[in-house]
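What follows is a single structure, written as structure tokens, with notes after it.
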Amino acid sequence: MCSICRQFGLSDRWSEDAVQSANVSSFVPQQTTTLPAAGSSGVGDSLYPGFGNGGYDVQHYTLDLNVTDVATSALTATTTIEATATQALSSFNLDFIGFAIEGITVNGQAATFTRDGQELTITPTEALGEGETFTVEVDYSGSPTPTNSAAFDFPVPTGWVLADNGSFVLSEPDGAANFYPVNDHPLDRASYTFRITVPENFDVAANGVLEQEIDNGTTTTYLFEARDPMVSYLTTINIFDGFQRQSEVAPNGVVIRNYFDEDVSEELLTPFQRQSEMMGLFSSIFGPYPFEVYGSVVVNAETGSALETQTLSIFGVDMLGDNESTEETIAHELAHQWFGDSLALSDWKDIWLNESFATYAQALWVEYDRGGQEALNSWVTDQYNYIARRFDTVYPPGAPPANNLFNAGVYEWGALGLHALRLEIGTENFLATLRNYFTQFEGKNVTPADFLTVAETTSNEQLDNLFERWFYSPTLASIPELNLFAGTSGSDRLVGSSANETLTGLSGNDKIYGRNGNNSLFGNAGNDQIYGGVRVDTVYGGDGNDQIYGKSGLNVLNGNAGDDLIYGGYQADEILGGTGNDTIHGKGGGDTINSGDGVDVIWLGQSRATVTLAADSGYDTIHSFRLGATRFQVSGSRESLSFTNINQGVQVFQGTDLLAVVRNQTADTFSRNLNKIFVA
């Protein structure tokens, strides 16, 4: 029986009074002066100082949107904001992108306004006193302006996004402002009313409870109430030409209502049948589900990611496919309802508090559903290898850059840190920590210090060094309990044993020896020498100019970037050259060789080999070709190939692109044996 099942048995409820909830307030920017002053145009977030606004706290938004043309998302709208001034205000700001503003009132009186980029500055007729409640109405029209998120260094549409047959909203971290005026930072959450009018034959799915569906003749109005306070990036409105609605009651009594696009196949939707069981599991571990309802919306569009939009997680068809992988994504978004939605960030630099917890919830689901401790260990090892394989492109969980906020460091690396915490304090204390952390801070904004305090109080251990090592250090820590070892930023010598191990060299010029286990060996940055050992090894050279030796196992050898020297060993190897100018020796075994980009040299072994020749990636020089033993994998038609004799052998072209030079061969041999040599 898995340790999780043994710990809480699904029917064993944790003590509700294990930790008394502290009176921790969300941060709200304030000024001490009693004279009216302008509210700040940002809350001072560490990564995004301009996000959000100061001087007031919103209690409720009403979005009244009349979508007149779904194809362009043309709409007329009124957003009503009910708020309280936290200082005396002469003016205040909202975040808002695009649209033509037709008028703004504050407490029913016309207000003046100016716009500067995303900042909408409103000056009421009369100044607002500290503690005064006030109502803002903004009338506007147009179509949402496509917005690329500040959290990526490449274009990622965020907010209200047009699709072929409708539109969806996916706003993390800064997209909400592209369809309504908002205080767009997690520090200011509010309840919502959505009143969405669309042409007949279109359907709407939004956060909260569908209270009314009004037939207006040629249009339909959908009224949703999201009564639980919500962070702005978690709002979602999805408009498509037909949703299949499904509803069930989870074991804990929560209604799960789903909106599945009618054009998405039933087979792809199968994993959503596990939501109820996941709800029961996570409620038993974390504490009672924090909101009124839950469910998922699946849209017939490529969304690029799934998102834990509060009470209604959103999935595109590109998020579906392999059932086990989809199940984990569903578990991830559900777990966010506790960690990320109810317990919300105070600062975007701490995004790992959201993503690491939801990622580790995948591990809890795998442990529960797929084989207990063995399944958990396998999952952790896979994540460790995933981070080790791309270590040069990730950042410590607690230090994401502003333009790469959602890198794997805040997901898998952070989840590994949570597993290290579990190993340190034991499963019982770890699960109690998760429960106590949620119980104490439900509905509040949190910081890493809050989680550390709960973990130390629950376990009665000092954990600051573990937190520093796993969540803030630029070096990946080891998990010796699972034979997962990492080096330092220096030049290391890592030697395996007879166990099945992961050895990660990090950024120095490392020497890594696999020995007798089935090893995963990662050189990462630096000019590394990697020796695979005698068993089945997976070897990644990283970004340096590496020397990789497969030895006698059935190896996967990946040079990655850099000018690499790769020796395949004596059995059947898969050799991937990467992006540098590589020299590859196949040696014995039936090898599969893809030299990657760059001008590469390939020496084939004595057995059968398959070599991938790709257009537009540099040409390969191939030695020791043997008719009947060597096959070339090409894309497209074999009829597009042509051959030219040169002094050293034959040139292989696809169109005008030179794919390879094969030494000591002739164009006539290749032309006469086209089907024997080339695999399309």
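Got at least one residue in the range 614-627 being assigned by TED's automatic domain parsing to the domain that holds residue 674, crowded, with 17+ Cβ neighbours inside 10 Å and within 14 Å of residue 669 (Cβ to Cβ)? Yes, the range 614-627 contains at least one residue that is assigned by TED's automatic domain parsing to the domain that holds residue 674, crowded, with 17+ Cβ neighbours inside 10 Å and within 14 Å of residue 669 (Cβ to Cβ).
Only one of 287, 340 is in contact with a Lys or Arg (Cβ under 9 Å, 6 or more places away or on another chain), at positive phi, modelled with pLDDT of 95 or more and not charged (D, E, K, R). Can you tell me which?
On inspection, the qualifying residue turns out to be 287.
Considering only residues in the range 645-676 that are out of contact with any helix residue (DSSP H, G or I) (no Cβ under 6 Å at 6 or more places or on another chain) and of a type in the set (Val, Ile, Thr), the one that is surrounded by the most Cβ atoms within 10 Å (Cβ to Cβ) turns out to be 662. When every residue of the range 370-381 is checked against the conditions, none turns out to be modelled with pLDDT of 95 or more and within 15 Å of the chain's Cα centre (by Cα).
Within the range 101-142, the residues that satisfy the criterion of being more than 20 Å from residue 60 (Cβ to Cβ), in contact (Cβ under 8 Å) with a residue 24 or more places away in the chain and within 34 Å of the chain's Cα centre (by Cα) are 118, 119, 121, 141, 142. In the range 147-184, the qualifying residues are those that are free of Cβ contacts under 8 Å to residues at least 24 places away in the same chain and out of contact with any Asp or Glu (no Cβ under 9 Å at 6 or more places or on another chain), and the one that is surrounded by the fewest Cβ atoms within 10 Å (Cβ to Cβ) is 154. For residue 187, indicate whether it is within 22 Å of residue 353 (Cα to Cα), within 16 Å of the chain's Cα centre (by Cα) and in contact (Cβ under 8 Å) with a residue 24 or more places away in the chain. So residue 187 fails the test.
For residue 384, are the conditions met, namely being in contact with a strand residue (DSSP E or B) (Cβ under 7 Å, 6 or more places away or on another chain), buried (at least 22 other Cβ atoms within 10 Å of the Cβ) and among the hydroxyl-bearing types (Ser, Thr, Tyr)?
Here the answer is yes, as residue 384 does meet what is asked.
Could you please find all residues in the range 628-646 being farther than 15 Å from residue 664 by Cβ and part of a loop (DSSP other than H, G, I, E, B)? Result: 628, 634, 635, 636, 637.
A count restricted to the range 361-398 and to residues that are out of contact with any Cys (no Cβ under 7 Å at 6 or more places or on another chain), more than 10 Å from residue 413 (Cα to Cα) and hydroxyl-bearing (Ser, Thr, Tyr) stands at 3.
Within the range 200-213, residues that are free of Cβ contacts under 8 Å to residues at least 60 places away in the same chain reach partners that are among the charged types (D, E, K, R) and part of a strand (DSSP E or B) with beta carbons closer than 6 Å, at six or more positions or on different chains, in the pairs 211/225. Applying the criterion of being basic (Lys, Arg) and in a helix (DSSP H, G or I) to the residues of the range 386-422, the residue that is farthest from residue 173 (Cα to Cα) is 422.
The values are calculated or read from the model by the stated rules, or taken from the named source; none is laboratory data. Quick caveat, the model's predicted, so the values are computed rather than measured. Using ideal geometry, Cβ is built from the backbone for each residue, glycine included, and neighbour counts are taken over all protein chains shown.
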